[in-house]
Protein chains: 2
Amino acid sequence: MLPEKTIERLSKYRRYLLEKLEQQEEYLYSHELAAALHLTPEQVRRDIMLIGYTGTQRKGYSIKELIEVISKILDGDNKINAVIIGMGHLGKAISNYFSIKRSNIEIVAAFDIDSSKVDRIISGIKSYHVDNLDLIINETDAKIAILTLSPAGAQDITDQLVYAGIKGILNFTSVTLRVPEDVYIENYDMITSLEKVAYFVKENINNEGTL
Amino acid sequence: MLPEKTIERLSKYRRYLLEKLEQQEEYLYSHELAAALHLTPEQVRRDIMLIGYTGTQRKGYSIKELIEVISKILDGDNKINAVIIGMGHLGKAISNYFSIKRSNIEIVAAFDIDSSKVDRIISGIKSYHVDNLDLIINETDAKIAILTLSPAGAQDITDQLVYAGIKGILNFTSVTLRVPEDVYIENYDMITSLEKVAYFVKENINNEGTL
DNA sequence: AAAACAATGTTATTTTAATAACAATTATTT
DNA sequence: AAATAATTGTTATTAAAATAACATTGTTTT
């Protein structure tokens, strides 16, 4: 199992490499990739070492091969399905983001409680009432849920998701969710992120020229 | 300057403490706060030590006082203004999130290029055409920008933002932005996050019962 | 063909963050 | 009033991540 931070970077490497591939480029150096993503060449080489790929010295890495190796790690062999819970603005934004199918993650369904958002196709994704959660998740064999609903219902829905077989959650609610330990959670808390930016802006402004 | 991770937790502590305060609670223990946020009591005590607050032994921390100390650190003395760039679904989602004024960060303006989203109030925030970026940022003295626009224009807009005096960016585009080093950037890359969840879900499923 | 160069692959070091350990202290109990 | 129990504050240890160092090797140049 690779380190979390390495996985994050691999995802970014792949996207950059795909761009380069489209531009008909064949090889690239660790320092190019590093410069593009604001990393150090050492970091890049280390990550590539960890995934067991080796380039050729003096020539760099084969873009095509490196994409293949990263994809094998990130995607595995099977397609993985995801669902969105909550089709408000955030849910729609995410649907749009992923309407272009990248990698082999597919969003196969969305859920909401609002009748005006249910039983229709929104941003290319079929939207159901949450009452059908268990049924649809089983039918589609979805393993990931993206939570964009209000904090109030978050834990209750999470319990249902876990029961239905969901093994990974991308959590946009500000709620700290309780799940069994075989369920992986990635939290994204906008309030915290913004407060963090504010803090470091404030600190930087106060310490101007203190170096 | 406090560690980044401590700042993140302080933001979460404050929100939990505010809830408790509303419930008329007066004191809480490190282990209560830890349990609520899935941390260890040691971590909580260490963070509180770092901000220089001390509770009373056997009795715990005064909720009211702890909120005050955290707020002093996160908020500082002055209000800080933010703007949103891009009023698509994501921009609107974020506007709604922050329409209830929390802490002392205020979103004072939004920008878009789409004429249908300009010169009107959306989710309680006045929306302008991007041509007015410099003017409005100076007028409002905004220091933070939240980027929810398409990747294509992201670097160009960022250059304009920096020129206008923005010192912190919450970046929702998947672009790696180039900025002077006194500008703090917090990146949020949904594609990477989802691919990361997918990877760990896959690994967990494959290693079931391997412990 | 030999030498110089420039890039990789890997190990070592440093830094940062998290966890654990434990002494100090205060409320509670007897 | 003394003993006990429970919680804090702080230091020490461990773990994770990033950075740096350097030996190796393939390319290019002369």
Would you pick out the residues in segment B:69-99 that are within 23 Å of B:I7 (Cβ to Cβ) and either among the hydroxyl-bearing types (S, T, Y) or within 15 Å of DNA strand C (Cβ to nearest atom) (or both)?
B:S71, B:Y97
Per the filter on segment B:81-126, residues without any contact (Cβ under 8 Å) to a residue 12 or more places away in the chain and under 19 Å from B:G153 (Cβ atoms) are B:H89, B:S116, B:V118
I'd like the full set of residues that are open to solvent by 60 Å² or more (accessible area, probe 1.4 Å) and closer than 21 Å to B:P151 by Cα, limited to segment B:95-113.
B:I113
Considering residues that are part of a helix (DSSP H, G or I) and among the polar types (S, T, N, Q), the number found within segment A:60-89 is 1
Pairs where the first residue, in segment B:23-46, is among the polar types (S, T, N, Q) and the second is within 12 Å of DNA strand C (Cβ to nearest atom) and part of a helix (DSSP H, G or I), C-beta under 7 Å, 6+ apart
B:S30/B:P41; B:S30/B:V44; B:S30/B:R45; B:T40/B:A34; B:Q43/B:A34
Looking across segment A:56-68 at residues that are surrounded by 12 or more Cβ atoms within 10 Å (Cβ to Cβ) and touching a residue at least 24 places away in the same chain (Cβ under 8 Å), the single one that is nearest to DNA strand C (Cβ to nearest atom) is A:G60
Only one of B:I144, B:I191, B:I205 is facing chain A (nearest Cβ under 10 Å), crowded, with 19+ Cβ neighbours inside 10 Å and among the hydrophobic types (A, V, I, L, M, F, W, C). Can you tell me which?
B:I144
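Yes/no matrix, rows are residues, columns are (1) more than 10 Å from chain B (Cβ to nearest Cβ); (2) more than 11 Å from DNA strand D (Cβ to nearest atom); (3) hydroxyl-bearing (S, T, Y):
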residue	(1), (2), (3)
A:I7	no, no, no
A:L10	no, yes, no
A:E19	yes, yes, no
A:E26	yes, yes, no
A:A34	yes, no, no
A:L39	no, no, no
A:R46	yes, no, no
A:T54	yes, no, yes
I want to confirm something. Restricting to segment A:37-48 and keeping residues that are more than 8 Å from DNA strand C (Cβ to nearest atom) and either part of a loop (DSSP other than H, G, I, E, B) or open to solvent by 30 Å² or more (accessible area, probe 1.4 Å) (or both), which single residue is nearest to A:K5 (Cα to Cα)?
A:Q43
Hits in segment A:147-168 - residues which are surrounded by fewer than 18 Cβ atoms within 10 Å (Cβ to Cβ) and assigned to a loop (DSSP other than H, G, I, E, B):
A:S150, A:G165
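Please verify whether segment B:69-77 includes one or more residues that are within 13 Å of DNA strand D (Cβ to nearest atom), surrounded by 15 or more Cβ atoms within 10 Å (Cβ to Cβ) and under 29 Å from B:E106 (Cα atoms).
Initially, segment B:69-77 is screened for residues within 13 Å of DNA strand D (Cβ to nearest atom), giving B:69.
Those still in the list that are surrounded by 15 or more Cβ atoms within 10 Å (Cβ to Cβ) too: B:69.
So of that shortlist, the ones also under 29 Å from B:E106 (Cα atoms) come out as B:69.
Within segment B:69-77, one or more residues are within 13 Å of DNA strand D (Cβ to nearest atom), surrounded by 15 or more Cβ atoms within 10 Å (Cβ to Cβ) and under 29 Å from B:E106 (Cα atoms).
The values are calculated or read from the model by the stated rules, or taken from the named source; none is laboratory data. The structure displayed is predicted, hence computed values, not measured ones. Neighbour counts run over all protein chains shown; Cβ positions are idealised from the backbone, glycine included. SASA here: full protein model, heavy atoms, side chains in, ligands and nucleic acids out. Shrake-Rupley method; radii C 1.70, N 1.55, O 1.52, S 1.80 Å.
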